[in-house]
Amino acid sequence: MHLLALLHFAIAIYFAIHAVRTGQGLYWVLILLMFPLLGSLVYCFAIWMPEMSQSRGARQAVRTVKQALQPTRELQDAKLALEQADTLRNRLALGDALVAQKQWASALEQFEAALARDPEAPDVQARIAEVGLWTGAAARALDITNALLARTPPFRQNDVPLSHARALAALERRDEARSAFMALLDETENLEVAAHYAEWLKVWGDFTAVRELRDEALRRYERLPKHSKELHREAIARIKAAS
């Protein structure tokens, strides 16, 4: 029982740290510490799981498996679903499928149509910011991410902080971009962050920093379980290429 109680408390501490980092409100910390088991269950289903399901990393992991089996099936299914029912959810699904195929302009059209239906939807705004970085709209991406991160609490899903850092880099605000990337690297094990940062460091000619980043990324990569390594294989290849 003693070990089980320690496990419950450790899980509660993990969620408490997540709550602080994502600006969920200090009341969550109090709930988690006062009621470790019940608080963790509520936080998991109310906050953590929905955030994970909406994150770009989670969506990308699902797409990777689907594309390995049927490369264009997700896109075909999404188009058919939208033809059958023009809903906000189906618009977003089609946009996500187009992103997976790197059809940035077409994806942006779908997200813009979704935003027209719900102008205040933060998850739609976040998608527009991300795709905008691939279509040269860095200034708009920065405006969107600034607004999302200024919310109370800050909206940090859908890799908004990563889009923010990338927008700063694209606009040549290097010191701010470096700080944003470094803060993200301290918070997450996501090698996608390291890949983007490595590519910008290469553009800036800071090859010493690229090599240091590569070595740390490789250490993180080697600690990953086998199935996770496969999901991060492209990111680690990009990091190596930048160095």
ask   = If you go through segment 159-176 one residue at a time, do you hit one that is surrounded by 24 or more Cβ atoms within 10 Å (Cβ to Cβ), assigned to a loop (DSSP other than H, G, I, E, B), touching a helix residue (DSSP H, G or I) at 6+ places or on another chain (Cβ under 6 Å) and not small (Gly, Ala, Ser)?
value = yes
inquiry  = I need every pair where a residue in segment 213-242 that is closer than 11 Å to Glu189 by Cα has its Cβ under 6 Å from the Cβ of a residue that is assigned to a loop (DSSP other than H, G, I, E, B), sequence separation at least 6 or different chains.
reply    = Arg220/Glu189
ask   = Checking Glu189 against (1) in a helix (DSSP H, G or I); (2) open to solvent by 40 Å² or more (accessible area, probe 1.4 Å); (3) in contact (Cβ under 8 Å) with a residue 24 or more places away in the chain, which single condition isn't satisfied?
value = (1)
ask   = Does any residue in segment 106-122 that is closer than 13 Å to Ile144 by Cβ come within less than 7 Å, Cβ to Cβ, of a residue that is assigned to a helix (DSSP H, G or I) and basic (Lys, Arg) six or more places away or on a different chain, and which pairs are these?
value = Phe111/Arg127
Condition broken by Ala138, with the remaining ones in (1) of a type in the set (A, V, I, L, M); (2) under 27 Å from Ile17 (Cα atoms); (3) open to solvent by less than 20 Å² (accessible area, probe 1.4 Å); (4) at pLDDT 95 or above satisfied = (2)
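In the list Thr72, Thr87, which residue meets the criterion of being modelled with pLDDT under 90 and open to solvent by 50 Å² or more (accessible area, probe 1.4 Å)? Before the answer, list the steps.
Working: Thr87 fails: modelled with pLDDT under 90.
After applying the criteria, what remains is Thr72.
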Checking Ile236 against (1) crowded, with 19+ Cβ neighbours inside 10 Å; (2) within 21 Å of Ile128 (Cβ to Cβ), the condition it does not meet = (2)
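The values are calculated or read from the model by the stated rules, or taken from the named source; none is laboratory data. The structure presented is a predicted model; accordingly, all values stated were derived computationally and were not measured. Every residue, glycine among them, receives a Cβ derived from its backbone with ideal geometry; neighbour counts consider all protein chains shown. Calculation scope for accessible area: heavy atoms of the full protein, side chains included, ligands and nucleic acids excluded. Shrake-Rupley method; radii C 1.70, N 1.55, O 1.52, S 1.80 Å.
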